Amino acid sequence: MREGKSPRPLAATRRTPPTQNPQGFRDGDGVMEEYVMSIFHCSAKSISRATGRSATAAAAYRAGERIIDERTGDVHDYRRKKGIRHAQIFVPPGIRIPSRSALWNMAEATEKRKDAKIARELEVALPAELNSLDRWHLAQHFARAIVERYGVAVDMCIHAPGKKGDDRNHHAHFLTSTRVLTPGGFGEKTRVLDSPRTSGQEVAAVREIWARLCNRFLEQRFINERVDHRTLKAQGIDREPTRHLGVAASSMERRGVRSLRGDENRRRSENHAAKELAALQKIENGVEAARERHAFRKQRAAENAERQRRERSARFWMDMQKRKSRNRGMSR
């Protein structure tokens, strides 16, 4: 069974010329491509024995490799998996890991509980406006930031968009150990990511790190678009967030079959459109009312000016009549 779900990107378009990519990175083969800025996506999940999962299986699938689980004897062979652009392991300074298999078998051997949490996964959407080389460098920066922050091992795998999916869906998986990696092996658990009092803050901090790195790369490439890790409410946007469709619902929607999540997102979009229409109508009504007030004031000002002109004219003629009368009286 395949593991993992792919984020679905969206947003404004920009045409960018292709760049020369390293071996294994293909991005148009010299043809102009249309890049689209990815919607912000950075999610965290756990790999736990309690749900029947293993770190060896997860690592093999994401990297497209064959790994034998030394604890159970299970063989996880995903060498035929397509779309893996890059796979790389990051560890703290001074530590050497011989292979991906050795890393995750060591993680499995360290955990003794049958319901142990063996690994964590961070899944991110890579900005489609960046070329493949920039996306690779961006993912590397993020992996190193996670290693530096928590002292864990990070297994980074960059996946290309699926053939039947959205061709902007460049994404990366970061499988991390749940324990600090030391020269002597795995050490203490990273409890700061497990405690209900701190885990939420840490996830928010990691999302902010990813957003900051994305925006730095976009700025350095003179791309105007930016991502924002904050919730819509925190951004001051009065809109109900849509739900991530996931693999099954996305496949149904592409075939023209309506899904429950798709219907829910359409309902939320319609509600948002209705709110926007009502807000625009309110603004239009306000503008029309302002125009009417302006026209009324302009008319009143013109009427006052005309009344004052007539009053001045009447006073002028009255003064003229008085002077004529005085002149006739003096001439007699």
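What follows is calculated from the coordinates using simple rules that are stated; it is not laboratory data. Note that this is a predicted model, so its numbers are computed, not measured. Counting neighbours? That spans all protein chains shown, and the Cβs are built from the backbone with ideal geometry, glycine included.
Could you list 288, 121, 264 in order of exposure, starting from the residue whose Cβ has the fewest other Cβ atoms within 10 Å?
Ranked by crowding around the Cβ, least crowded first: 288, 264, 121.
May I ask you to sort 96, 315 by Cβ crowding, counting other Cβ atoms within 10 Å and putting the fewest first?
96, 315
Among 313, 259, 132, rank each residue by its count of other Cβ atoms within 10 Å, from fewest to most, as a rough exposure measure.
In order of increasing Cβ crowding within 10 Å: 313, 259, 132.
Report, in cubic angstrom per residue, the convex hull volume of the C-alpha atoms of segment 13-229.
Roughly 131 Å³ of hull volume per residue.
Could you pull out the GluC sites (Glu not before Pro) across segment 52-112 that fall in loop regions by DSSP (anything but H, G, I, E, B) with no more than 16 other Cβ atoms inside 10 Å?
In loop regions of segment 52-112 (DSSP not H, G, I, E or B), the sparsely surrounded GluC sites (Glu not before Pro) are 70.
With each pseudo-label sitting 7 Å past Cα toward Cβ, what's the residue 199-residue 283 distance in nm, one decimal?
A separation of 4.2 nm, rounded to one decimal place.
Please compute the modelled spin-label separation between residue 141 and residue 220, points set 7 Å along Cα→Cβ, answer in nm with one decimal.
Result: 0.4 nm between the two label points.
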